Amino acid sequence: MTYTKDETLVFQYRAISKSDDNHTIENLALKQLYFSDPATFKDPDDCKVWLDESGTEDQWANLIMINRKARMVDCTQDEAKQLLTDYLERGYFTKDGDIYTLVRNERYDKERARNGYRGDLTASPRVCCFSNTCSSVSMWEEHADNHRGICLCYSPIKSTNTNYMHISTSLGTSRIESELYNVYYVLASSLKDKINIFDEQAARKICKRLRTKADDYQYEREYRIIHFENELKNDILNYWEGDLKRIIFGLGIDPEDAELVYETVKNHYPPNTVNFYRSIGTIEDRVIIDHNPISNIDKYIRNLV
């Protein structure tokens, strides 16, 4: 597939079901990005964050003071340390040498898990996934109905250090920049490593953990936008229509589906802003050679079998 100079594209593989269970056509028409609950992902550890709630007397006392201040309650360091001692005696903490560790409430943990939280996060993340390749056979098979779907090609804004997508919230017309994170791939065992709550880099490490996956998924070559559930309305954000540059038809797309996609774009996007491409390769050999522009979309659809 030919790219213009300095062009950067990211890709979403999408299935098209007759009942539109995947809402692919609806989202295309409404220019929507859908953010998924990571609990539905193949990787059960995706976006799970585990915390180490251990610290010294001074660290816990300072945290108690901060929490009390947030509730408009005065508390000195001596009073905070006395509270910590009381908590220890009541079994809310254990102590090993100079280290106090918060005792986890099993009932609270189970309730939080039922409500969809990931690990020790106190809010549930939502993820919109992209790839940096449109030629992954595995991705076409898994996410585009075994080549019967499409691949959406977006052109994000390129900043100095990161990529950005131009998207606007569902609640208004203002345009904001949502960061498009590059996903890191690591050994699956390291995904259960805990982050200490008193680590000065804890916030940064938690953010990085939300964009880290097991190396079994390296073939996805993923980028992702992350928002928390309370930041979204119905897990949806709108993208600026100019960011959708191309749509690639899968090797096995049905003519009815290809026509439905084409008509949706024709009815909801400015003329000549979205270009259509066909996949070149063979499903039997699991090979995608290239993606070529379609010069005559009507003829292409007529020739599909």
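General remarks:
- Distance from the C-alpha centroid of segment 256-305 to that of segment 72-94: 65 Å, rounded to the whole angstrom.
- Accessible surface area normalised per residue over the chain is 56 Å², counting heavy atoms of protein chains with a 1.4 Å rolling probe.
- Efficiency of FRET from Cβ geometry, residue 106 and residue 77, R₀ 22 Å, rounded to 0.05: 0.10
- Cα long-axis angle, helix 255-268 against the chain (0 to 90 degrees, to the nearest 10): 70 degrees
- Residue 266 accessible area, assembled protein chains, probe 1.4 Å, Å²: 110 Å²
- Axis angle, to the nearest 10 degrees, between helix 57-70 and the longest C-alpha principal axis of the chain: 70 degrees.
- The 1.4 Å probe gives accessible areas that order 65, 139, largest first, as 65, 139.
- Within straight-line reach of residue 299, meaning a Cα separation under 18 Å, sit the following aspartates and glutamates at least 8 residues removed in sequence or on another chain: 254, 256, 257, 259, 263.
- For segment 193-289, a simple Cβ point-charge model (Lys and Arg +1, Asp and Glu -1, everything else neutral) yields a dipole of about 520 debye relative to the Cα centre.
- Accessible surface of residue 117 - all protein chains present, 1.4 Å probe, nearest 10 Å²: 70 Å²
- Label-point gap, in nm, between residue 39 and residue 98 - each point 7 angstrom along Cα→Cβ: 4.1 nm
- Computed from the alpha carbon atoms alone, the convex hull of segment 125-241 holds 144 Å³ per residue.
- Amide H within-cut-off set for residue 126, under 5 Å, with H built and near neighbours excluded: 227, 228, 229
- Put 72, 165 in order of accessible area, highest first, and with a 1.4 Å probe you get 72, 165.
- Carbon + sulfur, % of accessible area of the chain - ligands and nucleic acids excluded, 1.4 Å: 47 percent
- Distance from segment 127-163 to segment 210-253 (C-alpha centre basis), Å: 7 Å
- Radius, Kirkwood style, for the chain when every pair of distinct Cα atoms is counted (Å): 22.2 Å
- Farthest toward positive dipole pole in segment 196-305 [+1 Lys/Arg, -1 Asp/Glu at C-beta], among 272, 249, 282: 272
- Ranking by accessible area, most exposed first, for 66, 16 with a 1.4 Å probe: 66, 16
- Cut-off 9 Å between beta-carbons: net charge of the residues surrounding residue 229, Lys and Arg +1, Asp and Glu -1: -2
The values are calculated or read from the model by the stated rules, or taken from the named source; none is laboratory data. Please read these numbers as outputs of a predicted model, since none were measured by experiment. Every residue, glycine as well, gets a Cβ built from its backbone with ideal geometry; the counts of neighbours run over all protein chains shown. Only protein heavy atoms, including side chains, enter the accessible area calculation; ligands, DNA and RNA are left aside. Shrake-Rupley method; radii C 1.70, N 1.55, O 1.52, S 1.80 Å.
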